[in-house]
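Visitor: Sending over a structure as structure tokens; questions will come in a sec.
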Amino acid sequence: MRAQIIGTGSCLPEKIVTNDFLSTIVETSDEWISSRTGIRQRHIAINETTASMSTEAGKKALESAGVKAEDLDLIIVATCTPDTLVPNTACLVQSELGAVNAVAFDISAACSGFVFALNMVDAYMQAGIYKTALVIGAETLSRIVDWSDRSTCVLFADGAGAAVVRAAERGVIASTQGSDGTRGGAIYVKNRENYNPFVTEQKPMDYLYMDGGEVFKFAVKKVPQSILQTLEAAKLTTEDIDWYLFHQANARITATIAKRLKVPNEKIPMNVDRCGNTSAASVAILLDEVNRKGMLKKGDKLMLAGFGSGLTWGTMAIEW
Ligand code: ACO
């Protein structure tokens, strides 16, 4: 049995922040941000949290799948911005949904998180361990961004996306994932400093750091390689794929990958212009968007691609 997505949902914070507004708090402009990233606006959490958005996205995914919360036997949340270090976000979601029969835990793989989580669910389903899962990607990146750093605060945003997955005869066809910890310095955020009584030096809170150029080079090289590996394992060609759902980091990264693979723009839905970079949530939010628009037909072949901090990357071919 393989993992088949049977319902999707998403949740974006109410507050929309435009590039023009950002230019009132840091020295930037709509022209700079949109020409270099494709981003025009993003949703930023005020009252929403990673768990509340996850729950909302999860509810919508359950509704769209026609599955009851009690029928879930697994909930995985991919996030690098949990509200609490313990309990994990998935347990908070389990409690809110009343998914009393599910085992619930989080995984941390930044922008690859949703694809990694789906891959894990697929492995469980191939092994016959779980039958019905809820997979969520969710972030409140606005909490860890330095709002005085124009090189990062214009990129990141908040939101959650979810998919209900069941063990079925068709679904995931093949996947590839990888990590390169030696390049972890390209994007990192430290956890709270150690303030135990034996530490003498007290340090200020840290924010997200990113070497934009390094990430760009990594993404445009590694993602096409990973997609080709996944296609080979799936016995498919680039033309066989109907939809490429890329992590929404930056429109220029996506355009470069598409050019390298000779994939036409019509096959690459985007929402980075409206949602910014929501890390683990981005592929899941995009998937829900195209699903709700009725763009996905039974039998369509999808290629999901996540890439980000770690560095990590994951691609997955799915038959819808
Ligand atoms: N507004 C105006 N000027 C800015 C801004 C801003 N928001 N941010 C940086 N600049 C300035 C810089 O200070 C620099 O000025 P200087 O030349 O006087 O020093 C100048 O613009 C050029 O800076 P670069 O970093 O070289 O700009 P670049 O054209 O490379 O674009 C960007 C930066 C968009 C981050 C690019 O490197 C990129 O796309 N990187 C990919 C990283 C990415 O998308 N990460 C997403 C998160 S990671 C992930 O999801 C995997």
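The values are calculated or read from the model by the stated rules, or taken from the named source; none is laboratory data. What you are looking at is a predicted structure, and each value in this text was computed from that prediction instead of being measured. Because the Cβ atoms are built from the backbone with ideal geometry, glycine has one as well, and the counts that use them run over all protein chains shown.
Visitor: In segment 299-320, which residues are surrounded by fewer than 19 Cβ atoms within 10 Å (Cβ to Cβ) and touching a Phe, Trp or Tyr at 6+ places or on another chain (Cβ under 6 Å)?
Guide: Within segment 299-320, 300 is the sole residue that qualifies.
Visitor: Between a residue in segment 32-47 that is closer than 17 Å to residue 13 by Cα and any residue that is of a type in the set (Gly, Ala, Ser) and assigned to a strand (DSSP E or B), which pairs come within a Cβ distance under 9 Å, given they are 6 or more apart or on different chains?
Guide: 42/159; 43/159; 45/159
Visitor: Look at residue 132 and say whether it is away from the ligand (no atom under 16 Å from the Cβ) and without any contact (Cβ under 8 Å) to a residue 40 or more places away in the chain.
Guide: Details: away from the ligand (no atom under 16 Å from the Cβ): yes; without any contact (Cβ under 8 Å) to a residue 40 or more places away in the chain: no.
No: the conditions fail for residue 132.
Visitor: From the list 256, 237, which residue is under 29 Å from residue 274 (Cα atoms) and more than 17 Å from the chain's Cα centre (by Cα)?
Guide: So the residue among 256, 237 that is under 29 Å from residue 274 (Cα atoms) and more than 17 Å from the chain's Cα centre (by Cα) is 256.
Visitor: Taking segment 12-43 on its own, how many of its residues are away from the ligand (no atom under 14 Å from the Cβ) and more than 20 Å from residue 114 (Cβ to Cβ)?
Guide: So the answer is 4.
Visitor: Give the residue that is nearest to the ligand (Cβ to nearest atom), with candidates limited to residues of segment 226-238 that are assigned to a helix (DSSP H, G or I) and of a type in the set (Ser, Thr, Tyr).
Guide: Among them, the one singled out is 226.
Visitor: Being farther than 23 Å from residue 130 by Cβ, modelled with pLDDT under 95 and of a type outside the set (Asp, Glu) is true for just one of 85, 12. Which residue is that?
Guide: Numbers: 12 fails: modelled with pLDDT under 95.
Among 85, 12, only 85 is farther than 23 Å from residue 130 by Cβ, modelled with pLDDT under 95 and of a type outside the set (Asp, Glu).
Visitor: Does residue 188 count as of a type in the set (Phe, Trp, Tyr) and not assigned by TED's automatic domain parsing to the domain that holds residue 253? Even if it seems obvious, please write down each step before you answer.
Guide: Values: of a type in the set (Phe, Trp, Tyr): yes; not assigned by TED's automatic domain parsing to the domain that holds residue 253: no.
Considered against the rule, which asks whether it is of a type in the set (Phe, Trp, Tyr) and not assigned by TED's automatic domain parsing to the domain that holds residue 253, residue 188 comes out as no.
Visitor: Within segment 211-222, track down each residue that is near the ligand (Cβ under 6 Å from one of its atoms) and surrounded by fewer than 18 Cβ atoms within 10 Å (Cβ to Cβ).
Guide: 212, 213, 216
Visitor: Another question, then. Looking at 103, 93, 67, 77 in this structure, which one is free of Cβ contacts under 8 Å to residues at least 40 places away in the same chain and more than 16 Å from the ligand (Cβ to nearest atom)?
Guide: It is 103.
Visitor: For segment 103-112, which residues satisfy the criterion of being part of a loop (DSSP other than H, G, I, E, B) and surrounded by fewer than 24 Cβ atoms within 10 Å (Cβ to Cβ)?
Guide: If the condition is that a residue be part of a loop (DSSP other than H, G, I, E, B) and surrounded by fewer than 24 Cβ atoms within 10 Å (Cβ to Cβ), then 108 is the only one that fits.
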